[in-house]
Amino acid sequence: MSPQTGNDPMVHVVDHPLVQHKLTLMRKKDASTNSFRTLLNELAMLMAYEVTRDMPMQEVEIETPLETMKARVIDGKKLVLVSILRAGTGILDGMLTVVPGARVGHIGLYRDPKTLQAVEYYFKMPKDMQERDVVVVDPMLATGNSAVAAIERVKVLKPKSIKFVCLLTCPEGIATLRKAHPDVPIYTAAIDRQLNDHGYILPGLGDAGDRIFGTQ
Ligand code: URA
């Protein structure tokens with residue numbers, strides 16, 4: 001189940017008990033790098049389940065041990081998962097477990113610590129983006145600047161659709177992304193209270209990249 005928040009049908013909070021339980025374990029400051037990464041991987045699979053809910057399907061003919069039938073399959077190759085480096089990698093791996101045929105794009109963005117603006121250092125996408133549905137992934141939608149910049153770049157390639165998936169966000173991040181890209185639905189496991197002056201989500205889970213890669 002993925003109820004929409006308040007009045008905004010474009011913001012989906014995935015409030016499934018498994019998602020909420022795993023997110024709580026990830027938030028704890030004493031979660032090890034290993035368990036943080038494992039939980040993120042599991043959460044990403046559950047988020048993939050929600051975000052691919054309306055993926056187009058086609059019928060193919062198959063043989064069961066008893067007879068021939070028409071059965072439905074998805075065309076995973078039409079899906080592109082776009083990871084915002086570096087923390088997006090954590091979500092990407094889990095999603096690829098569930099949709100192994102998906103193509104992958106990468107956008108390298110870092111946050112200027114003074115301005116909190118996104119600065120691009122890498123961009124690589126699959127071919128034929130006009131034929132593909134894109135899911136942009138980043139665990140934290142905080143200021144929203146990286147998500148806005150990444151989606152702007154992807155839009156130039158005119159994909160069929162774009163969705164954004166994160167684990168955690170806050171009212172400020174949602175407002176920024178919704179304003180810049182009102183056509184892009186947001187999938188998140190939780191909407192936290194607020195952003196602090198350093199661009200961190202409160203209560204949040206800390207620096208997702210550091211916690212995934214053990215770089216603190
Ligand atoms: N990025 C993070 O990793 N954590 C936050 O709280 C905000 C942005």
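Peptide packing: for 133-144, 163-174, the average count of neighbouring Cβ atoms within 10 Å per residue gives the ranking 133-144, 163-174, highest mean first. The angle between the Cα long axis of helix 171-180 and the main principal axis of the chain comes to about 60°, on a 0 to 90 degree scale. Net charge near residue 157, counting Lys/Arg +1 and Asp/Glu -1 over other residues with Cβ under 12 Å of its Cβ? So the surrounding residues net to +4. Between the Cα long axis of helix 17-27 and the first principal axis of the chain there is an angle of about 30°, rounded to the nearest 10.
Using the 10 angstrom Cβ neighbour count as an exposure proxy, how do 215, 89 rank, fewest first?
Lowest count first: 215, 89.
A 29 angstrom limit on the alpha carbon distance is what I want to check against. Which of 70/160; 77/114; 28/155 exceed it? Checking Cα-Cα distances, 77/114; 28/155 exceed 29 Å.
When the trypsin sites (Lys or Arg not before Pro) in the stretch 73-123 are filtered for DSSP coil states and for at most 12 other beta-carbon atoms within 10 Å of their beta-carbon, the remaining sites are 114.
The residues packed around residue 193, meaning those with a beta-carbon under 15 Å from its beta-carbon, carry a net charge of -2 if Lys and Arg are +1 and Asp and Glu are -1. Taking 7 Å steps out from each Cα toward its Cβ at residue 54 and residue 157 produces label points 2.2 nm apart. In summary, the aspartates and glutamates within cross-link reach of residue 158, defined as a Cα separation below 20 angstrom excluding same-chain residues under 8 places away, comprise 54, 75, 120, 128, 131, 133, 183. Placing a label point 7 Å from the Cα of residue 115 along the Cα-to-Cβ direction, the residues of the stretch 141-169 with a backbone N closer than 14 Å are 145-146, 149.
Here, each number is a calculation from the coordinates, and none is a lab measurement. Note that the coordinates shown come from a computational prediction; the quantities given were computed from them, not determined experimentally. Using ideal geometry, Cβ is built from the backbone for each residue, glycine included, and neighbour counts are taken over all protein chains shown.
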